[in-house]
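Only one structure is covered here, and it is reproduced in the block below.
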Amino acid sequence: MVGLVETPGLPSPGAAFSVSHQRVELDINLVLRCLKGKTEITINPHSKDLRTIRLNCRQCELKRLSINGKGAPSVLYEEPYGRARLNWHAGASQYHMLRQRVEGQLRNPPEEELVVTLPKSIRIDELDTSPVEAQNVHLAKSLGPAKRESRDASVIDLTQSSKTAVEQTARFTPITVYVEFIIEKIRDGMQFVGWEDGDLRYPHAYSRNSSLPGAACCLFPCVDNPSSRCTWEVSIKCPKTIGDALKRSGLPTTQLNGATITGGPKNVNKAMPNGVKGEHQTVNTDDFPNFSDEDRALDLSVVCSGDLTDEIVDPLDPTKKTTTFICTTAVVPQHIGFAIGPFEHVDLSEFRESDEDDKLGQNAIPVHGFCLPGRIDELRNTCLPLAKAIDFFTLTYGSYPFTSYKLCCVDDLVADTVDTMSLSIFSNRLLFPEGIIEPLDRVTRLLVHALASQWIGVNIIPKEPTDAWAVVGIAYFITDMFMKKLCGNNEYRYRQKKASDRVCELDVARPSIFDTGSLIWLDPSELEFLTVKAPLVLFTLDRRLAKASGSSGLSRIISRVFLNAKVGELPSSTISTAYFIKTCEKLGHAKLDTFFTQWVFGAGCPRFRVTQRFNKKKLVVEMLIQQVQGDQPTERDLEKESFMRDVKEEVYTVYAGVVQPVFTGPMTIRIHEADGTPYEHIVEIKEATTKFDIPYNTKYKRLKRSRRQKERTAVGAGLDFPGDAQDDVLLYCLGDVLQSEEEIREWKLTEWSKEDEDRMSQESYEWIRMDADFEWICKMSITMPGYMYLSQLQQDRDIVAQLESVQFMAAQREHPLVSTILVRTLMDRRYFYGIRTAAATALSTHAKDELDWVGLHHLEKAFQEFFCYPDSPMTRSNDFSDRTAYYVQCVIPQAIAKVRDNIGRAPFRVRTFLLEKLRFNDNSNNEYSDCHYVATLMSALAEALSSKPAPSDDTFEMDIEDGDDLRFHRTCLDEIDRYRRLDEWIPSYHNILSTTALDCTRLLAKAGTIQNNPADFLQYTQDGTSDELRVNAFTNLMDLGMCKNNAILRWLLFVLGTDPSPYIREQMFRIFAKALGGIAIGDTSSRETAAATQNEGLIIEQESSTEARQADLARKQTILGALAALKAEMGANAVLKAALWEAVTSPVISLKEMGDLLLVCSLLYTPVTSMEVRLEYPRYWKCRNNGKGKLTFTRTSKPRTIPLPPLPLSASSSTAAANSTAYNRNGDETIAVAHGRPLLKPPRKPAIVSFPSSAAAASGAGAGAGAGIS
């Protein structure tokens, strides 16, 4: 029901009462998307003075409400979806009036919508000294007589487990709130898939849970707040089979009883509580011709949080069944999730190893998987490591907090995974068959994290929003610990190093991770940043604790946190930053105030500049370490990808953390001296500039290069190299390939010069490693010669050290010696695959004409050596059984595609190489799919083609390369298009070949190589296309600047506002926001430049004024300048304005989506507080001004036969402007009422409408009366 009465301010639920138990019964109609429900909430008052109860309740129509069996004297209910519309003809300029209506629900946490006043007859007394028995008696009452008589064991367990968590804190008489409700059209909180005509997917439905409040209250009244935890009993009634569901009709009507509800609409038939218009009718089964008899016979299963207690066929309707689940562990409402569908069950516990099963015994947790028909094999393959993961977590960190773990894969899920109690709902996008290699690591980490979130994230939650960093960090930390066991230490450290580099790039002008926790609701990128930095901070903490105390590091601390939550030492199983710091200091035996101040409460990352010099007189290494993060520019250029986040932070006054001038802590320095022995030195960094001397230990000088050359020659010839005992040191571990004279000549390798040999012979140590134990998240710049980096690359076993060496060489100027080092790294199979792929990528920078294309020669030679027939460029049949070789095979074409000549073109040799590899790709003898590899070749070929404008028949090009003509260019395009057409007949995994073909088309069109034709993409934006392909088509259209095409822009916003899939709507908004960001910062398509280049080959540049240059600089670096430019370019677009408002007022979108669109309106338009009155033809209307903002409109019986022409407007007369009359397309008369008065006769039957203020105008005027102010 829609309420128009403002509710009085009340204290938060946490201060007034707490919820101990809630029982929910839902009768769901899957076809009509409606439900009938009951809920019983057991409340423990915190004082005798409790007189009102505030609950969250959305899109529900209340039918009955009682408190302890008595009717409530007053119920104030403001249904937000009913209020989320303006009952007059409004536009985007009135966005602020609509925003005021839903402002309370867009906050975090949202305001309560349902306010219940307790009857005066209910007394709240203080409990006696036996709270345990009182709780048992009350729980027995709440569970109902059927449960008491059945003496179900689960009921006894619930009673026993609940009394310690809930009732021991109860001091006053519990109160039971009983509510009956219906939802006539579910708009939010639950997603229905496959029930619409034309949707050929298997029908199912599931709850749309979110990590933020506001989703659970869309399905049943509750205290939807992270601070409210209770035990649950959930009963879901649904049809037994799909055929039974198709026979269901509309909801039965129930009478309102037990309460007086204030604020409801007078006529509920005009609009439903959630703002959706329409009425339910009986559904004819003939309306669903897409369902075969086999489909109709499929049984519907219910998967829900908690433990299954019973499944009973309805005695009154044998086509329906009721499934009941009990959650004996107290959790928040947002962690109660369920799914209904024809799911097939897979017992994932069968993948548990026998030795782990013996260790755990009865403590082994069952793991269940549920998927739609036909996807069992994909589910088994995708979820294979989860049984091993749950055993690892149980043995390492403590027992699983629940009794079982379930996974259910569904369609249209917005996030990849959703975490609820004992149940993880994840998207079908994550499923992959055995023949797919690419998503293996990413998907495994996602699913393992979903499992880890059961320990911390569901069972343990943050005490305050700012404590979210600890929950996110610990969950991902233990996830990475399992990934380390699964994939090895090299993979683990490689991922951590990449994450460290990523954090250094992202952590610029951002809040600390402590403050970011309270901003998660603001934008998805806030959580993405937190998921990268928070676990990395804990990783460095683990390294420091392990070194300082010699303990097991952070794992012991996490185990203690989980144990304390289990035994009840954590209040309400909530973790705070202060508690975590205290636990770390207690178990780590170290003071950590400085660490947490810098890395948790502080922002930014340190940047070190290190210089070193060997003092021969003192036999010490003199080192200077400087922190230069303060010298970095604080302002950064805006990016269209993060534009919307920057805007939200500007709107909500989110300030970046102050960059710390000094980071302190221990740093391990490892010096590899001439004898090959590493000597570690721990230095305490306390100031911005640190000077210190490190003693030198070896009496031998560095071995000369000539000896190395002899040793290398002997190794290449397969002979033993005799050496002196004191010089018999292992110098070459890695990279000692391609050593023979023939290989050096064939591969065009370059050795060190005599000057380099002499300089190396004078060095006293091999190399220096800064932060050898990876205890810092930082950028490190060391002034060390290149040959020392080579020694580090070849002799240091640490993956991080090898990657740092490759990164250093990738940043050097092109040189044949560097190319030689990189190709030897690429060719040595003993290197980790990440090091080899990094070396291959760096080789493209050394493919220059000045060097006789040596880098390109090395890449081609390496590909031929690994993947072609001997002495032939013809590739062998693919064999992806070796994952390392697969990654190398993918990265070499990508590196070759980046090769450019002196004028920025890809040489014809490069394009020919890529075309041949694509045309002659053979996967006939491979057990794995090559779709990702083919997509890589397609992207590489398109990247090479986009570097050069297409040749044409009517232009003469001086191209001396044979075969580089129009025919070759068309052959390349035809080959790309051939795979796109092939994908239409034999779909690849997620249609990756089609999406890649569209990416190639966009890349070529943006470079001007081919003509930009929007129809190439629009055909894939239709409903029914796969989600990945559809999103990709819209993304490419906007990237080509089609956001300025009114027809395409209107189509994008139409899909954004009306598509039934929340995933598609979410992606459409991200694409739209990115397109607006590109316009705001001036990052438009380069098609105009490319066209100018093709036309005469000249670009005419005009000098701009100083003001124009300053405005252009402001839009690229400041939010205010970008917003001003965006408003100037798009604010006057009438098509955008109308389409955007249609999306805002769509009955499909959720409140969160509406809030995002209203924010876009605030960026583009100036708010106008007005109401436009539309008078219905053909009757005359009379208006009387009653003063004080009151107008009275009355419709007469006299019809209008001739329309009056609009009055002339005068710029100097506001009265004439106010008295103007306009006619819309439908024949309605529109009057904009301002300071003047319409020329209408006095009314006969007045209907008074009051507008005391703009706030009152925003809070509601009925649709039946039309009036307005301006």
Inset, instruction - Pairs of Cα atoms under 8 Å, at least six residues apart: use those to get the relative contact order of segment 389-473, whole percent. - result: 25 percent
Legend entry - Extension gain (nm, one decimal) between LYS566 and ARG876, 0.36 nm per residue minus Cα-Cα: 105.8 nm
Inset, instruction - Starting from the Cα-Cα distance between GLU755 and ASP849, subtract it from 0.36 nm times their residue separation and give me the gain in nm to one decimal. - result: 31.3 nm
Inset, instruction - With the full set of protein chains in place, find how many percent of the accessible area of segment 86-127 is carbon and sulfur; take the probe as 1.4 Å. - result: 41 percent
Inset, instruction - Using a 1.4 angstrom probe on heavy atoms only, work out the carbon and sulfur share of the accessible area of segment 456-680 in %. - result: 52 percent
Legend entry - Cα centroid separation, segment 906-941 to segment 744-770 (Å): 37 Å
Legend entry - For LEU65, distant residues with modelled amide H under 5 Å away: GLU180, ASN257, ALA259
Inset, instruction - Give the shape of segment 456-680 as rounded, prolate or oblate, defined through the alpha-carbon gyration tensor: a ≥ b ≥ c are the square roots of its eigenvalues, a/c under 1.5 means rounded, and otherwise the shape is prolate if a/b is larger than b/c and oblate if not. - result: oblate
Legend entry - Rh (Kirkwood; distinct C-alpha pairs) - segment 534-610, Å: 13.5 Å
Legend entry - Estimated FRET transfer efficiency (GLU763, VAL662; beta-carbon r; R0 30 Å; 0.05): 0.40
Legend entry - Cα centroid of segment 795-868 to Cα centroid of segment 287-317, whole Å: 58 Å
Inset, instruction - Extending each Cα 7 Å along its Cβ direction at GLU126 and ASP922, get the distance between those two points in nm, one decimal. - result: 8.9 nm
Inset, instruction - Rounded, prolate or oblate: pick one for segment 414-502, where a ≥ b ≥ c are the square roots of the eigenvalues of its C-alpha gyration tensor, a/c under 1.5 means rounded, and failing that, prolate if a/b is larger than b/c, else oblate. - result: oblate
Inset, instruction - Could you provide, to the nearest whole Å², the per residue accessible area of segment 456-680 with probe 1.4 Å? - result: 41 Å²
Inset, instruction - Please list the non-local residues whose amide H lies under 5 Å from the amide H of ARG1200, H modeled 1.01 Å from N, same-chain partners needing a gap of 5 or more. - result: ARG1179, TYR1180
Legend entry - Carbon + sulfur, % of accessible area of segment 808-936 - ligands and nucleic acids excluded, 1.4 Å: 47 percent
Legend entry - Which listed pairs, of LYS1006/LYS1127; LYS498/LYS898; LYS617/LYS779; LYS185/LYS1152; LYS240/LYS566, have C-alpha distances above 28 Å, in listed order: LYS617/LYS779; LYS240/LYS566
Inset, instruction - Scan around GLU673 for amide H atoms under 5 Å from its own, H built in the peptide plane at 1.01 Å from N, and keep only partners 5 or more places away or cross-chain. - result: TYR679, GLU766
Legend entry - Karplus-derived HN-Hα couplings along segment 525-539 (A = 6.51, B = -1.76, C = 1.60, θ = phi - 60°), whole Hz, x at Gly and Pro: 5, 5, 5, 4, 5, 5, 5, 8, 7, 4, x, 5, 5, 5, 5
Legend entry - Separation in nanometres of the label points that stand 7 Å from Cα toward Cβ, at ARG967 and GLU350: 5.8 nm
Legend entry - Förster-model FRET efficiency, 22 Å R0, LYS617 and VAL683, C-beta, rounded to 0.05: 0.50
Inset, instruction - Using a 1.4 angstrom probe, figure out how much accessible area segment 300-405 has per residue, in square angstrom, rounded to the nearest whole. - result: 38 Å²
Legend entry - Backbone HN-Hα couplings from phi across segment 106-114 [Karplus 6.51/-1.76/1.60, Hz, Gly and Pro as x]: 8, 7, 10, x, x, 6, 7, 9, 10
Legend entry - Gain in span if fully extended, GLU743 to THR1201, counting 0.36 nm per residue against the direct Cα distance: 155.1 nm
Inset, instruction - Would you work out if segment 324-422 is rounded, prolate or oblate? Take a ≥ b ≥ c from the square roots of the eigenvalues of the alpha-carbon gyration tensor; rounded if a/c is under 1.5, else prolate when a/b is larger than b/c, oblate otherwise. - result: oblate
Legend entry - Nearest-20 debye value, segment 390-544 charge dipole, Cβ charges on Lys, Arg, Asp, Glu: 600 debye
Inset, instruction - State the percent of C-alpha pairs, over all pairs in segment 814-874, separated by a distance greater than 15 angstrom. - result: 47 percent
Inset, instruction - Could you calculate the FRET efficiency of ALA590 with GLN1110 from 1/(1 + (r/R0)^6), where r is the beta carbon distance between them and R0 is 60 Å, rounded to 0.05? - result: 0.70
Inset, instruction - Report, to two decimal places, the Cα Rg of segment 772-918 normalised by 2.2 N^0.38 Å (N = number of residues). - result: 1.08
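The values are calculated or read from the model by the stated rules, or taken from the named source; none is laboratory data. Model, not experiment: these values are computed from the prediction. Neighbour counts are summed over all protein chains in view; Cβ atoms, including those assigned to glycine, are modelled from backbone coordinates with ideal geometry. Only protein heavy atoms, including side chains, enter the accessible area calculation; ligands, DNA and RNA are left aside. Shrake-Rupley method; radii C 1.70, N 1.55, O 1.52, S 1.80 Å.
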